[in-house]
Amino acid sequence: MVHGEVWNVGRLLSWTADYLKKHGSQSPRLDAEVLLAESLDCERIDLYTRFDEEPDEAVRAALRDLVRRRAEGAPVAYLVGRREFFSLSFRVTPDVLVPRPETEHLVVAAIDLAKGIAGGAAICDVGTGSGIIAVCLARQVANCRVTAVDISPAALRIARENSAAHGVEDRIELVESDLLAALPESRAFDLIVSNPPYVSQSEYDELGVR
């Protein structure tokens with residue numbers, strides 16, 4: 001961005017998208033919209049009614065900082081502190097993994113299975129992270145009971161915030177546990193769901209798994 005030139009919202013979006021594309025972003029336009037909306041403290045949709053608006057220097061400085069960090073590889077969700085998933089907004093920090101869009105397929109499948117369980121399903125979400133799966137299931141499946149486990153106390157704090165934000169904190173039990181180790185052996189679930197971090201082929205080869 002060159003000082004002294006006119007930088008309205010439309011131009012800022014175009015410049016930012018082009019810059020992020022050159023620096024490897026797979027979704028440069030979306031990234032640009034999210035970062036500019038964050039800098040302006042508005043919703044993404046509002047940008048399209050403000051194309052001719054010229055943000056002040058404080059907003060442009062905030063945007064420059066976010067764009068620099070994004071170009072250096074920081075995920076957009078960490079930069080703005082939230083991620084939309086299943087049409088809901090979830091708080092995310094570096095203490096949890098950023099929810100992946102494809103995880104919605106898991107949620108849809110789990111909802112379909114849980115709704116078919118008479119009397120309300122007992123569900124365990126292993127490695128809950130930000131709690132997205134547990135929260136979505138609690139909101140979508142009547143009478144289900146969700147136990148969300150994670151080995152990280154910091155992750156469980158984020159999951160607790162998200163469950164409270166979406167009004168399902170009374171339906172989700174959060175447990176600090178290495179997988180199912182902290183749960184009684186007698187504990188039974190109708191459905192166990194998990195979407196752990198992916199392992200690349202090169203990482204898998206180094207593990208020596210046979």
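ASP52 fulfils the conditions (1) surrounded by 14 or more Cβ atoms within 10 Å (Cβ to Cβ); (2) touching a helix residue (DSSP H, G or I) at 6+ places or on another chain (Cβ under 9 Å) except for a single criterion, (1). Among the listed residues LEU12, LEU30, which satisfies the condition of being surrounded by 14 or more Cβ atoms within 10 Å (Cβ to Cβ), modelled with pLDDT of 95 or more and either in a loop (DSSP other than H, G, I, E, B) or among the hydrophobic types (A, V, I, L, M, F, W, C) (or both)? That would be LEU12, the only listed residue that is surrounded by 14 or more Cβ atoms within 10 Å (Cβ to Cβ), modelled with pLDDT of 95 or more and either in a loop (DSSP other than H, G, I, E, B) or among the hydrophobic types (A, V, I, L, M, F, W, C) (or both).
Which residue, of ALA154, ALA114, is in a helix (DSSP H, G or I) and in contact with a Cys (Cβ under 9 Å, 6 or more places away or on another chain)? Show your work before the answer.
Values: ALA154 fails: in contact with a Cys (Cβ under 9 Å, 6 or more places away or on another chain).
Within the list ALA154, ALA114, the selection yields ALA114.
Scanning segment 72-86 for residues that are assigned to a helix (DSSP H, G or I) and closer than 13 Å to PRO101 by Cα gives a single hit, ALA77.
Check VAL67, VAL98, VAL107 and return the single one that is at pLDDT 95 or above, under 22 Å from SER152 (Cβ atoms) and of a type in the set (Val, Ile, Thr). It would help to see each step written out before you state the result.
Working: VAL67 fails: under 22 Å from SER152 (Cβ atoms); VAL98 fails: at pLDDT 95 or above.
Criteria check complete, one pass: VAL107.
Let me confirm something: among ASP178, ASP170, ASP125, which residue is assigned by TED's automatic domain parsing to the domain that holds ALA109, in a loop (DSSP other than H, G, I, E, B) and of a type in the set (Asp, Glu)? After applying the criteria, what remains is ASP178. Among the conditions (1) assigned by TED's automatic domain parsing to the domain that holds ALA182; (2) touching a residue at least 40 places away in the same chain (Cβ under 8 Å); (3) not small (Gly, Ala, Ser), the only one that VAL149 does not satisfy is (2).
The values are calculated or read from the model by the stated rules, or taken from the named source; none is laboratory data. In this text the structure is predicted, and so the values were computed from the model without any measurement. Glycine also receives a Cβ, built like all others from the backbone with ideal geometry; neighbour counts cover every protein chain displayed.
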